[in-house]
C-alpha cells in the first residue's frame, strides 16, 4: 500500500515554552531558553549550562496511581501529548473506540534508575523503592505510561536511537501508516533534564563552558563554538492516514513525504559526511523531490566543532547551488537529545504555518564548511512549502525527514 501520511496534531513542552503559542513566539523573536543550573556545579560538572524546562504540575490532572509511574521525561511527554491530541480533535471517547498507536523516542531514564540504586545502597531494602519505580526506570517509560493513560490499542514501543530517537519515531510511524499497518499513531520524543542524565557528556568535555553568557553559549555553525548545551522536554505529533483524517474531519496540518536513514558504520561518536549524505539522498528520493524544491533545512547542528562541520559539508554536497535557507533551532534550545528529532519537526511546522524562518542565533562568523551554507541568523519572513529536518546520533544513526504543506484537502 502507499497511503498518504498527514500530521493532524502537535504538542510541545520545552525550554522555549509550554504550549505551541509560547514556543512560536520564542522562535520568532529568537529567544533563548538556556540558563545556569547551580546544582550541576555542586555535582562537579565542568558546565552548569542547560535548557531551563519547567516541571509540570500534574496533581489534579492525573490520579496518584498514574502519577507515581511517570518518570520526569514521561511527565513532559504526557503534557505534550495532551496538547497534540486536543489539536487533532482526538478525545478519549473516540480513542477508546479506535486503534491508536504510540511510537516514542527515548534513550534514558537516568534519574529514576539512579534514585532507585541510591535507595537500595542506603537502605538495603528493595521494598522501599515503591510500586512506581519500575515504570519510571525502564527505557520504555514514556510509551508504557502513555499507552495506559490514554487507553491506546495500536502499536506500542519505544525507539532508542540516541539523538535521532525522536526523528526515527516519526519516520517509523510514517512507514507503518504508509504501508497500511496502522491508521493513527502518536509519535514524538522526550528527554529528561537533570544532572543524572548528562554527567557522561560533561565528562567528555562535550558541553560549552561559556557560562558568563548562557544565552550566547549555543552557537551552531559559528566558528567560535565550544560545545553543546544539554536540554530537553517533550514533543508529540499525531500522524494519520489522509483518508482517516478526512473521515474524522481532523485538521490536516502537513504531510510527511520523505524519510531517509543510514548508519555511518565508522566511529562510535564522530560524525560521517558520507553517512549523512546517504540519509539526505534517501529522504529526497522517497519524497520524489530535487534538492532545489526544499525551502528550508532545520539542521541537526548541536554547536560542537566536529559535528557541525560534518553536517555543513553534507548539506553543501547535496544542496550545492540551491541557496537553501538553513538554521539550527538548537541555538535557542540547546541540544534536546532524544527529543530533538521530534521537537524540531514541531518547531519547523510552526515556522511553516506562520511563514517565517527562525534564526540561528549567535551565528556571527562561519568556518570553512558553514561559509558554504545560507545560514539565517535573523528572523526571516518566508513562505515554506517543504522543509527537511536532520537528526544524527551516537553510534552513527542518521535520520532525515521531509514535510510538505498540504494546500488542498
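The values are calculated or read from the model by the stated rules, or taken from the named source; none is laboratory data. Note that this is a predicted model, so its numbers are computed, not measured. Virtual Cβ from ideal backbone geometry, glycine too; neighbours counted across all protein chains shown.
Structural remarks
- Checklist (1) more than 18 Å from residue 107 (Cα to Cα); (2) modelled with pLDDT of 95 or more; (3) surrounded by fewer than 22 Cβ atoms within 10 Å (Cβ to Cβ) applied to residue 157, failing item: (1)
- Some residue of the range 116-126 being outside any helix (DSSP H, G or I), surrounded by fewer than 24 Cβ atoms within 10 Å (Cβ to Cβ), in contact (Cβ under 8 Å) with a residue 60 or more places away in the chain and out of contact with any strand residue (DSSP E or B) (no Cβ under 7 Å at 6 or more places or on another chain): no
- Flag for residue 106 being in the same structural domain as residue 32 (by TED's automatic domain parsing), within 22 Å of residue 333 (Cα to Cα) and crowded, with 18+ Cβ neighbours inside 10 Å: yes
- Residue 86 meets all of the listed conditions (1) in a helix (DSSP H, G or I); (2) in contact (Cβ under 8 Å) with a residue 60 or more places away in the chain; (3) buried (at least 18 other Cβ atoms within 10 Å of the Cβ) but one, namely (3).
- Within the range 1-17, if we keep just the residues that are surrounded by fewer than 24 Cβ atoms within 10 Å (Cβ to Cβ) and out of contact with any strand residue (DSSP E or B) (no Cβ under 8 Å at 6 or more places or on another chain), the residue that is modelled with the highest pLDDT turns out to be 17.
- Criterion violated by residue 50 - all others in (1) part of a strand (DSSP E or B); (2) over 17 Å from the mean Cα position of the chain (by Cα) satisfied: (2)
- Unique match (being over 14 Å from residue 298 (Cα atoms) and in a loop (DSSP other than H, G, I, E, B)) among 364, 353: 364
- Complete set of residues in the range 55-69 that are part of a loop (DSSP other than H, G, I, E, B) and touching a strand residue (DSSP E or B) at 6+ places or on another chain (Cβ under 8 Å): 56
- Residue in the range 334-353 that is out of contact with any strand residue (DSSP E or B) (no Cβ under 9 Å at 6 or more places or on another chain) and on the phi < 0 side of the Ramachandran plot present: no
- Every condition in (1) crowded, with 18+ Cβ neighbours inside 10 Å; (2) over 16 Å from the mean Cα position of the chain (by Cα); (3) in contact (Cβ under 8 Å) with a residue 60 or more places away in the chain is met by residue 56 except one, and the failing one is (3).
- Within the range 354-373, the set of residues being over 22 Å from residue 32 (Cβ atoms) and touching a strand residue (DSSP E or B) at 6+ places or on another chain (Cβ under 7 Å) comprises 355 only.
- Residue 270 being more than 20 Å from the chain's Cα centre (by Cα), outside the structural domain of residue 171 (by TED's automatic domain parsing), farther than 15 Å from residue 369 by Cα and touching a residue at least 12 places away in the same chain (Cβ under 8 Å): yes
- Test: residue 193 is over 29 Å from residue 47 (Cα atoms) and in contact (Cβ under 8 Å) with a residue 12 or more places away in the chain: no
- Of all residues assigned to the range 96-105, none qualifies as being closer than 25 Å to residue 7 by Cβ, in contact with a strand residue (DSSP E or B) (Cβ under 8 Å, 6 or more places away or on another chain) and assigned to a helix (DSSP H, G or I).
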